[in-house]
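Down below is the structure, laid out as structure tokens.
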Amino acid sequence: LHVGGTNGKGSVVALTYEALRQAGWSVGSYTSPHLVDVRERFVVDGRPITPEAFVTWVERLRPEIERAGASFFDATTAIAFADFAARGVDIAVVEVGLGGRLDSTNVVQPAVSVVTRIALEHTDYLGPTLADIAREKAGIAKRGVPFVIGEESPEVRSVLRDTAERLGALVIEVPPGERYSGPIGLTGPHQRRNAAVAAAALAALPEPWRPPPEAVLRGFARARIPGRFDQRGPWIFDVAHNPDGTEGLCLALQEAGPPRPLHAVIGILRDKDWRAMLQRLLGVVDAAWLTDPPSAPAARKWDLEEVGRAVGTPPIRLVRHQAVTIEPDFDRALAAARRGAATVLVTGSFHTVGDALGRLPGFAPLG
């Protein structure tokens, strides 16, 4: 299964992966980015690639990586496919990295392709409009292969449909408003839409790969994703990194109703629409610390002085201006947010969540 989209693709990967495992298959999962350890990207039947195997593949593939001038993601994609073949998986669920048409993962000839939802992202690479981005995402469609569309906007859905049909794919549209009603291990109302898309993708698989209904029920109930409304004691970690993802997070908070006071540690990259994200986030928490995740590339760190000037002025309208603190030191922000909080939310980017998980004892995804 080849899964693309702006938001929701990680959820669809997790849901389909678990359902296929419950059907008795050996299943590989390739996802990106990782939170703490690169080995999180390559998982087979619940087991990440071993350090020894990862080193072996890097050494074996290094000459070709260097000859081709491959990017980091190109290289990890090659390692994923090599690892899955070596571990003898029956079926793999592969998440698109960026876009679709020109993404490294698009070398696969899948049994099913999926595009979840489209939002503005990476406009310097994918184009300035939702239609441009949709055309790039639909580039994973393949002739004669089912292509599942999860997008609900009629205009964007039509672009996905037209592009996929030109490529000869067999288009399957999940009706707008359709939601999965069974048990689900992922939190938030938006996840029921993701589960409906995942169910459509599984139903589109050819025999014998199509899992029976009972496997789908068990798999969806078991699905978990580190860093996606990931509740661990008083902490909630969520990698929402664009306005659409932030809206889903806020709806999940409303549904879950975590204990108050709810404090937040927020670190967003400068190339994201941080104003729109902050406007939504700061309206649902009791206090917030705006900070820089240490692992973020220097060129992508947001300007906290600019952020400080923006907070409390249009278009960001705060409910509690005095409850927002600019704290450049990430460790101090984590410590300060914990004081007096019943719940601490960590969000804004994969870097923010990964850096927090790596610093809190026992929280790293691989232990």
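Of note:
- With Cα atoms, 0 to 90° folded angle of helix 213-222 axis to the chain main axis: 30
- Considering only ALA164, ALA198, ALA221, the mean-square fluctuation computed in a Gaussian network model of the chain, springs between alpha carbons under 10 angstrom, is largest for ALA221.
- Descending Cα extents along the principal axes, the chain, whole Å: 58, 47, 40
- The alpha-carbon of LYS142 sits under 20 angstrom from the alpha-carbons of these lysines, leaving out residues fewer than 8 places away in its chain: LYS9.
- Karplus 3J(HN,Hα) series, Hz, for the stretch 286-300 with 6.51 cos²θ - 1.76 cosθ + 1.60 (x for Gly, Pro): 8, 7, 9, 10, 9, 8, 10, x, x, 7, 5, x, 4, 5, 10
- Formal net charge of residues neighbouring PRO189 (Cβ-Cβ distance under 9 Å; K, R +1; D, E -1): +2
- Pairwise FRET efficiency - ARG339 versus ASP124, Cβ, R0 = 45 Å, nearest 0.05: 0.70
- Solvent-accessible heavy-atom area per residue, rounded to whole Å², over the chain at 1.4 Å: 42
- Considering helices alone, the calculated mean residue ellipticity of the chain at 222 nm is -12000 deg cm²/dmol, with DSSP H runs of length four and up weighted by -39500 (n - 2.57) and normalised per residue.
- Considering only beta bridges that DSSP places wholly inside the stretch 1-148, some 35 percent are antiparallel.
- Straight-line cross-link partners of LYS272 among the lysines, defined as a Cα under 17 Å from its Cα and at least 8 positions apart when in the same chain: LYS301.
- Beta bridges assigned by DSSP with both partners in the chain are antiparallel in approximately 25 percent of cases.
- Once both labels are positioned 7 Å from their Cα atoms along Cα-to-Cβ, the gap between GLU173 and ALA299 label points is 4.0 nm.
The values are calculated or read from the model by the stated rules, or taken from the named source; none is laboratory data. These numbers were taken from a predicted model, which means no experiment stands behind them. Methodologically, a virtual Cβ is constructed for each residue, glycine included, from the backbone with ideal geometry; neighbour enumeration extends over all protein chains shown. The accessibility values were calculated without ligands, DNA or RNA, using every heavy atom of the protein model including side chains. Shrake-Rupley method; radii C 1.70, N 1.55, O 1.52, S 1.80 Å.
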